[in-house]
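A.B. asks: Could you have a look at this structure, given as structure tokens, before my questions?
The values are calculated or read from the model by the stated rules, or taken from the named source; none is laboratory data. Here the structure is a predicted model, which is why all the values come from computation and not from measurement. Cβ: placed from backbone, ideal geometry, glycine included. Neighbour counts: every protein chain shown.
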Amino acid sequence: MTVGIVVFPGSNCDRDVRWALEGCLGMATRFLWHEQQDLTGIEAVVIPGGFSYGDYLRCGAIARFSPVLGAVKQFADGGGPVLGICNGFQVLTEMGLLPGALTRNRKLHFLCEPTSLQVQPGGCSWLSGYVDNETISLPIAHGEGRYQCDPQTLKHLEQEQLVVLRYQDNPNGSVGDVAGLTNIGGNVLGLMPHPERACDPVIGDTGGKRLLESLLG
């Protein structure tokens, strides 16, 4: 399998994702520069964290118009697995692959710390290696990670079991304790925590490794 990793001006976790996929899992990766549209040979796509286009306007708002994301949307609409991490989650909401928006944290501070999460995999293929209501720890690093949506949207997400990761001690004020969402097809996952930073037992927890291992089938 070859995993495409989208790179915008301002991405800073693209190499972290490559290291986790190649170094920990032995998977092949290819960087996808934001101006390209060719996904030939790509079997999964990761939109990594960082500050795409400097986070001007809103996080992910400019990235949403990048040529590569038109190809990524077609890929996702066809059932291809797409993962958006932190800024990547923000991008997924801006481009309409997931509902809602990510806004400034409740106390307006940047948060960089481990956080405890409850996993409710539902039909999300990215979380097939976890059991329902399992607790894991993943690091967060964001200033605009507060998930927001209207009550009707939240009700729909709950009813369809699309809230697949929840904060156990909500650090940023997200409605419904939302830390991660999937789409109806289960092939798209957006989450604020960083699974790629929790893959190596030498440097810490490995709670994120199983998420990336889902790509191995």
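A.B. asks: If only one of R15, R64, R58 is modelled with pLDDT of 95 or more, among the charged types (D, E, K, R) and surrounded by 14 or more Cβ atoms within 10 Å (Cβ to Cβ), which one is it?
C.D. replies: Sole residue among the options that is modelled with pLDDT of 95 or more, among the charged types (D, E, K, R) and surrounded by 14 or more Cβ atoms within 10 Å (Cβ to Cβ): R15.
A.B. asks: Could you figure out which of (1) over 25 Å from S11 (Cα atoms); (2) of a type outside the set (V, I, T); (3) part of a helix (DSSP H, G or I) isn't true of D132?
C.D. replies: D132 satisfies all of (1) over 25 Å from S11 (Cα atoms); (2) of a type outside the set (V, I, T); (3) part of a helix (DSSP H, G or I) except (3).
A.B. asks: Now for a separate question. State all residues of the range 166-217 that are surrounded by fewer than 24 Cβ atoms within 10 Å (Cβ to Cβ), outside any loop (DSSP other than H, G, I, E, B) and of a type in the set (D, E); if no residue qualifies, say none.
C.D. replies: D177, E213 - these are the residues of the range 166-217 that are surrounded by fewer than 24 Cβ atoms within 10 Å (Cβ to Cβ), outside any loop (DSSP other than H, G, I, E, B) and of a type in the set (D, E).
A.B. asks: Now for a different question. Do you know which of the residues in the range 70-84 that are in contact with a helix residue (DSSP H, G or I) (Cβ under 7 Å, 6 or more places away or on another chain) and either buried (at least 24 other Cβ atoms within 10 Å of the Cβ) or acidic (D, E) (or both) is farthest from G217 (Cα to Cα)?
C.D. replies: Restricting to residues being in contact with a helix residue (DSSP H, G or I) (Cβ under 7 Å, 6 or more places away or on another chain) and either buried (at least 24 other Cβ atoms within 10 Å of the Cβ) or acidic (D, E) (or both), the top hit is G84.
A.B. asks: Given (1) surrounded by fewer than 16 Cβ atoms within 10 Å (Cβ to Cβ); (2) modelled with pLDDT of 95 or more; (3) not β-branched (V, I, T), where does P9 come up short, assuming only one miss?
C.D. replies: (2)
A.B. asks: Which pairs turn up if I take residues in the range 173-197 that are at positive phi and modelled with pLDDT of 95 or more and look for partners that are among the aliphatic types (A, V, I, L, M) and surrounded by fewer than 22 Cβ atoms within 10 Å (Cβ to Cβ) with beta carbon separation below 6 Å, at least 6 apart in sequence or on another chain?
C.D. replies: G176/L154
A.B. asks: Identify, please: which residue in the range 179-217 is of a type in the set (V, I, T) and touching a strand residue (DSSP E or B) at 6+ places or on another chain (Cβ under 9 Å) and is, among those, farthest from P48 (Cα to Cα)?
C.D. replies: By that ranking, first place goes to T182.
A.B. asks: Is there any pair with a first residue in the range 52-69 that is under 16 Å from E144 (Cα atoms) and a second that is among the aromatic types (F, W, Y) and in a helix (DSSP H, G or I) whose Cβ atoms are under 7 Å apart and which are 6 or more apart or on different chains, and what are they?
C.D. replies: Every condition considered, the pairs that remain are I62/Y53; A63/Y53.
A.B. asks: While we're here: When you scan the range 1-102 for strands (runs of 3 or more DSSP E) that lie fully inside it, which ones turn up with 1 or more residues that are among the charged types (D, E, K, R) and touching a strand residue (DSSP E or B) at 6+ places or on another chain (Cβ under 9 Å)?
C.D. replies: Working: elements: 2-7, 28-33, 44-47, 82-85.
In the range 1-102, the matching strands (runs of 3 or more DSSP E) lie at 28-33.
A.B. asks: Name the pairs: first residue in the range 27-46 and closer than 26 Å to C199 by Cα, second residue aliphatic (A, V, I, L, M) and assigned to a loop (DSSP other than H, G, I, E, B), Cβ to Cβ under 8 Å, at least 6 apart or on different chains?
C.D. replies: M27/M1; A28/M1; R30/I42; L32/L39; L32/I42; E43/M1; A44/M1; V45/L39
A.B. asks: If the requirement is being aliphatic (A, V, I, L, M) and surrounded by fewer than 21 Cβ atoms within 10 Å (Cβ to Cβ), which of these qualifies: L117, L108, L102?
C.D. replies: L108
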